[in-house]
Amino acid sequence: MRNLSITGVILLYLALSGCGKGDGRGELVGVTTKTVKQELPYGMVYIPAGTFIMGQVDQDVTISQFPQNKQVTISAFYMDETEISNSEYKQFVNWVRDSIAYNLVGKPQKFTLKSKGGKGTPYINWKAMNSGKGIWGDKTLKDKLDQAMYYSGSNKFFNKKELKVEQLKYDYAWVDYKKAANYRALRDPNLTKGAPTVERDQFIVKEETYIYPDTLVWISDFTYAQNDPMAKGYFSHPSFANYPVVGVTWEQAKAFTVWRSRLNESYKTSKNLPTRLDYDLPTEAEFEYAARGGRVATSYPWGGPYIRNAKGCLLANFKPGRGNYIDDGGAFTVYVKSYFPNDYGLYNMAGNVAEWTSSIYNDAASAYVSTINPSFNKAVQKGDPDYNKKRVVKGGSWKDIGYFLQNSAKSYEYPDSARSSIGFRCVTPFLGRDIKDKPGKMKP
């Protein structure tokens, strides 16, 4: 009797489970997919969708008279709660270093994995590479690595074993969706009337970037200043591990976002999990919206209008007065979680280091950008005029006056420039969905 009951349950389960996977009884039931569980990316905070007045609400010290207030809507996204630290950027540097070393020493078998089923292109076994000894502790590879990866001969200083950072280049590619959208009609043979169609590779941008930070910015940014210790140790010394990375160009920051996207994608694919959408630098609008922390018409991330609290303590790391850098608690940069976060849980959205955005600097852009997720951006081409290259920098830094700490204030820098006062943080889209029904699980 018990066996008959079990058999009946099994038959009933098979009958019910077949309803949504077979022909669907002739109904439209959709393609069965995995249930997607929304996850909070590590080190990020959720920024809810909303509407705000973008633009100047207080002073116009530069008397530009260009910025216009505009009500815009921003979709939900995730943002790094802090600026990218030296430690986090060093993970990128080490990944590129290990990739180059792996190829230089002839792709040793024990550090190589094959795709499932033994097919496809072999890929690096990062678990083995990053193990206790890894590739750098392999005695059979030591001589090859020393010769290829470290300074030698007259370039060697005090017999130190130092990595040749000039060879650390990252090759990557990204899709120019704006260009693809502009030329989409030219991909249809029926519309080109016999003329050559535009192939997909016309929208794939391939780039190569040196990725090691320019540590000499601590000297080049100043005249007659003794900042040699910062140049020598700011990026390399463990004491500064959780300080914001500086000396990074816009191009290097962009390369970091591509690498971070591929890093997460590689892991998710290996576990047969849905991948996260790409990381990127925030747009000017996203940065300003996130900095305001949900507050309306405020001057600073903490609200304002004052830059000191009730006890007289400064609320950010900036330049309080001429020649005075220390009153806020830091002569240079400070720990990335210094001061109180804003209402979204974001640290140092004003002060510490100014931050790269993905937007092109154009004072007139507010007049014609969209009112939903506004962004003035395009791929920089060789020969482009300077006004198409400048990138918006937001937030103000440890060496800026208080005006640049305002939510609406902005400045610019060229994408190939590195500064001791500019860093960055990343964003990634929120993958929204209707939570009432599980995707791909509806049944007739």
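Please treat every number below as a calculation from the coordinates, not as lab data. All values derive from a computational prediction rather than experimental measurement. We place every Cβ from the backbone using ideal geometry, glycine too, and count neighbours over all the protein chains shown.
What you get for the stretch 287-444, charging only the Cβ of Lys and Arg (+1) and of Asp and Glu (-1), is a dipole of about 480 debye around the Cα centre.
Coupling constants for the stretch 46-52 follow from the phi torsions by the Karplus curve (6.51 cos²θ - 1.76 cosθ + 1.60, θ = phi - 60°), and in residue order they are 7, 10, x, 5, x, 10, 8 Hz; glycine and proline get x. Mean residue ellipticity, 222 nm, helices only, the chain: the sum of -39500 (n - 2.57) across DSSP H runs of n ≥ 4, divided by residue count and rounded to 500, is -6500 deg cm²/dmol. If you take all other residues with their beta carbon under 14 Å from the beta carbon of ASN373, and give Lys and Arg +1 and Asp and Glu -1, the sum is -2.
Across the options TRP250, GLN71, PHE318, the greatest Cα extent toward the positive end of the charge dipole of the chain (unit charges at beta carbon of Lys, Arg, Asp, Glu) belongs to TRP250. Once you've got the Cα coordinates, tell me which of LYS179/LYS268; LYS107/LYS206; LYS254/LYS389; LYS311/LYS410; LYS37/LYS268; LYS90/LYS142 are over 19 Å apart. Over 19 Å Cα-Cα: LYS179/LYS268; LYS107/LYS206; LYS311/LYS410; LYS90/LYS142. Full extension of the chain between LYS144 and ALA49 gives 28.9 nm of extra length, using 0.36 nm per residue less the Cα-Cα distance.
Length available on full extension from LYS70 to LYS337: 0.36 nm per residue minus the Cα-Cα distance, which gives 93.0 nm.
Considering only PHE158, LEU263, LEU186, the residue lying farthest towards the positive end of the dipole of the chain is LEU263, judged by Cα position with unit charges set on Cβ. Who wins for biggest fluctuation among GLN406, GLN91, GLN56 in a Gaussian network model of the chain, springs between alpha carbons below 10 Å? Residue with maximal mean-square fluctuation among GLN406, GLN91, GLN56: GLN91.
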